[in-house]
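A short write-up of the structure that comes next.
The values are calculated or read from the model by the stated rules, or taken from the named source; none is laboratory data. Here the structure is a predicted model, which is why all the values come from computation and not from measurement. Cβ placement follows ideal geometry from the backbone for every residue including glycine, while neighbour counts extend to all protein chains displayed.
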Amino acid sequence: MESKENQFKVIEGMIANAKGNLSEGSVFYLLWGWLVIIAASSNYVLLSYTNYEMHWLPWIILMPLGGVISMIVGYRMNKNRRVKTYVESALNYLWLGFVITLLMVLFGMAKIGPQKAYPIIILLYGLGTFVSGGIIKFKPLMIGGVICWLLGSIAFYAPFDLQLIILIIATVLSYLLPAYLLKQKSAKQNV
């Protein structure tokens with residue numbers, strides 16, 4: 001029977017491997033972070049500074065594009081990977097659950113309206129990043145998740161145009177900043 005020290009080393013190795021793979025996968029945080037920022041910024045400008053009725057159109061264009069790009073990148077990454085760790089499987093199930101829940105909220109938005117849906121979406125960002133950070137033991141993701149929870153709670157009381165600004169801030173702090181830090185950490189470890 002293996003000693004507890006050996007078991008902990010195996011678990012730590014799995015987490016380190018998942019961190020390395022997640023730094024490769026930081027492309028998803030970067031992709032979605034930038035797409036959300038562009039869509040929310042465009043939505044804000046169209047809503048606040050023009051009379052364009054379909055101010056939400058950037059979301060309809062950019063989110064499906066992100067889905068297609070994610071599928072292609074994910075397929076290519078998985079094609080080259082020989083072994084999938086338990087940690088990677090847990091992260092995949094987390095983000096699959098996130099996407100399914102997000103789609104349900106988006107479909108429900110027709111009933112509840114975007115002013116009630118966007119705070120929920122920000123809270124979901126918090127859940128995904130916090131749990132991912134906890135699984136791989138990367139504090140910037142966890143901190144980003146907590147910030148999303150705080151900003152999502154505030155967004156319930158904000159007008160819709162301000163919710164878009166809150167969403168942009170939440171995305172920068174929970175997706176982009178941690179993704180760049182993870183890439184930087186990975187680059188330092190690989191030197």
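Data overview
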{"quantity": "Hits in segment 115-125 - residues which are in contact with a Leu (Cβ under 8 Å, 6 or more places away or on another chain) and over 23 Å from Val45 (Cβ atoms)", "calculated": "Leu124"}
{"quantity": "Filter result for Gly126 (of a type outside the set (Lys, Arg) and on the phi > 0 side of the Ramachandran plot)", "calculated": "no"}
{"quantity": "Selection within segment 137-161 - of a type in the set (A, V, I, L, M), more than 18 Å from Ala40 (Cα to Cα) and buried (at least 23 other Cβ atoms within 10 Å of the Cβ)", "calculated": "Leu141"}
{"quantity": "Exclusive hit being touching a Leu at 6+ places or on another chain (Cβ under 9 Å), within 23 Å of Phe138 (Cα to Cα), surrounded by 15 or more Cβ atoms within 10 Å (Cβ to Cβ) and modelled with pLDDT of 65 or more, set Leu30, Leu62, Leu22, Leu46", "calculated": "Leu30"}
{"quantity": "Among the residues listed as Val105, Val87, the single one being part of a helix (DSSP H, G or I), surrounded by 13 or more Cβ atoms within 10 Å (Cβ to Cβ) and free of Cβ contacts under 8 Å to residues at least 40 places away in the same chain", "calculated": "Val105"}
{"quantity": "Single match in Ala117, Ala170, Ala110, Ala158 (criterion: touching a residue at least 40 places away in the same chain (Cβ under 8 Å) and not charged (D, E, K, R))", "calculated": "Ala170"}
{"quantity": "Some residue of segment 115-136 being hydrophobic (A, V, I, L, M, F, W, C) and either over 23 Å from Val27 (Cα atoms) or in contact with a strand residue (DSSP E or B) (Cβ under 8 Å, 6 or more places away or on another chain) (or both)", "calculated": "yes"}
{"quantity": "Hey, Gly134 without any contact (Cβ under 8 Å) to a residue 60 or more places away in the chain, within 15 Å of the chain's Cα centre (by Cα), under 23 Å from Pro178 (Cβ atoms) and loosely packed, with under 15 Cβ neighbours inside 10 Å or not", "calculated": "yes"}
{"quantity": "Options Asn78, Asn51: the member that is exposed (fewer than 15 other Cβ atoms within 10 Å of the Cβ), polar (S, T, N, Q), under 22 Å from Ala187 (Cα atoms) and modelled with pLDDT of 70 or more", "calculated": "Asn78"}
{"quantity": "Tabulated pairs, segment 53-78, first assigned to a helix (DSSP H, G or I), second at pLDDT 95 or above and among the polar types (S, T, N, Q), C-beta under 6 angstrom, 6+ apart or interchain", "calculated": "Pro58/Ser42; Pro58/Asn43"}
